[in-house]
Amino acid sequence: MSDHRFSSVPTEEEPGCCHLSRKAKVCLGVLLCVLVAVAVVVGVLKWPRAPPPRAWNGTGSTPHFSEIVLGRCFTYTQLLRPELGHADCGQIGKAFMNAFLSKDPCHSSEQDYQLLLKLTNQTIPCHSSVFWSKSSQLAHLYTTVQQDMFTLEDTLIGYIADGLNWCGDAGSNEMNYQSCPHWRKDCINNPVSVFWDTVSKRFAENACGVVQVVLNGSISNTFDKNSTFGRVEIHNLHPGKVSVLKAWVMHDIGGVYSYHTCSSPIIDDLKLILSKRNIPFTCEDDYRPIKFLQCVKSPEDSSCRK
């Protein structure tokens, strides 16, 4: 009987049933990559997307908002008021953004801005606070020349936010650049209105000594109880800190000389509110230092030659 032995190593190599050529492997790899890519695209398309921000009646957020905030903060603290050079502009910018991002823009509150207020805290010397109502240009022209006087916009927080617009949306961590709530047509508790009411309140609370307000005597509502000054600031002045409120009623050059003066009943309304709060009040028509600034632009006007 012959002896049959079986060797575990084949004498001839035969191609296995699953052996693929290099070309086939490359093709298979490409096919798998395509299938994976298609699956990813389909998944992304089917993934629930955040709804688009709601359309409002107001102007959208200012483009490059965060960059402007940061730049203004550094300009103010490093150049304009270097005594505030210790302020952390990075944290200030972050606190500003966090105050309104991912929140309902019609439900802003004072609390949203508390950290920002803390980071921008600034001591304004007594006798240096200047309020204004319907007279922004004149008031700021005055403090530009008289640099030891401060309007709210001459403080760090006011300088940073002046002229900007901002809002977010509860369903997104992005700013809404298309539209923001209009204070009258949509809601009063929007991020911008609440911000200015909040910082105006603090500005008034911190005022001390002789306090000034620039009013526009060439319009019908020289003192407007619904303005920021009439609604917020005047009611947050501290009688124990403010020795007197001086009103400067200014009139346009080249136009109607006066719609209201210090003797008008509308100024008496302001005086009455202050009297009830035990804050002394004085009034002066066409305060000369500001009048001089008006006359620089119109030196030939008859009122400038008096």
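The values are calculated or read from the model by the stated rules, or taken from the named source; none is laboratory data. In this text, all values refer to a predicted model and were calculated from it rather than measured experimentally. Quick reminder, even Gly has a Cβ in these numbers, built from the backbone with ideal geometry, and neighbours come from all protein chains shown. Please note that ligands, DNA and RNA were not included when accessible areas were found on the heavy atoms of the full protein model with its side chains. Shrake-Rupley method; radii C 1.70, N 1.55, O 1.52, S 1.80 Å.
Okay, here's what the table says:
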| item | result |
| --- | --- |
| Which listed residue is more than 26 Å from THR123 (Cβ to Cβ), in contact (Cβ under 8 Å) with a residue 40 or more places away in the chain and not acidic (Asp, Glu), from PHE229, PHE292, PHE223 | PHE223 |
| Residue in the range 187-194 that is among the polar types (S, T, N, Q), part of a loop (DSSP other than H, G, I, E, B) and crowded, with 21+ Cβ neighbours inside 10 Å present | yes |
| Search result, residues across the range 54-76 that are open to solvent by 60 Å² or more (accessible area, probe 1.4 Å) and under 19 Å from the mean Cα position of the chain (by Cα) | ASN57, THR59, PRO63, HIS64, GLU67, LEU70, ARG72, PHE74 |
| Residue list for the range 245-267, filter: open to solvent by less than 20 Å² (accessible area, probe 1.4 Å), farther than 19 Å from CYS295 by Cα and not in a helix (DSSP H, G or I) | LEU245, ALA247, SER264 |
| Selected residue (only one of THR198, THR228, THR144, THR123 is under 18 Å from the mean Cα position of the chain (by Cα), open to solvent by 40 Å² or more (accessible area, probe 1.4 Å) and polar (S, T, N, Q)) | THR228 |
| Positions within the range 132-187 being among the charged types (D, E, K, R), under 25 Å from ALA204 (Cβ atoms) and in contact with an Asp or Glu (Cβ under 9 Å, 6 or more places away or on another chain), in sequence order | LYS134, GLU153, ASP162 |
| Residue count, the range 202-242 (criterion: part of a helix (DSSP H, G or I) and more than 16 Å from TRP132 (Cβ to Cβ)) | 4 |
| Test: residue in the range 242-255 that is acidic (Asp, Glu) and modelled with pLDDT under 95 | yes |
| Members of the range 233-267 found to be farther than 25 Å from PHE203 by Cα, in contact (Cβ under 8 Å) with a residue 12 or more places away in the chain and not hydrophobic (A, V, I, L, M, F, W, C), listed by number | HIS251, ASP252, GLY254, GLY255, TYR257, SER258, TYR259, HIS260, THR261, SER264 |
| Filter result (open to solvent by less than 60 Å² (accessible area, probe 1.4 Å) and either in a strand (DSSP E or B) or touching a strand residue (DSSP E or B) at 6+ places or on another chain (Cβ under 7 Å) (or both)) within the range 126-141 | SER128, SER129, VAL130, PHE131, SER133, SER135, LEU138, ALA139 |
| Among the residues listed as LEU115, LEU79, the single one being surrounded by fewer than 17 Cβ atoms within 10 Å (Cβ to Cβ), within 14 Å of TYR159 (Cα to Cα), at pLDDT 95 or above and out of contact with any strand residue (DSSP E or B) (no Cβ under 7 Å at 6 or more places or on another chain) | LEU79 |
| Output for the range 274-292, where each listed residue is assigned to a helix (DSSP H, G or I) and crowded, with 18+ Cβ neighbours inside 10 Å | LEU274, ILE290, LYS291 |
| Cβ-Cβ under 6 Å pairs, at least 6 apart or on other chains, the range 268-281 side aromatic (Phe, Trp, Tyr), far side modelled with pLDDT of 95 or more | PHE281/LEU245; PHE281/LYS271; PHE281/LEU274 |
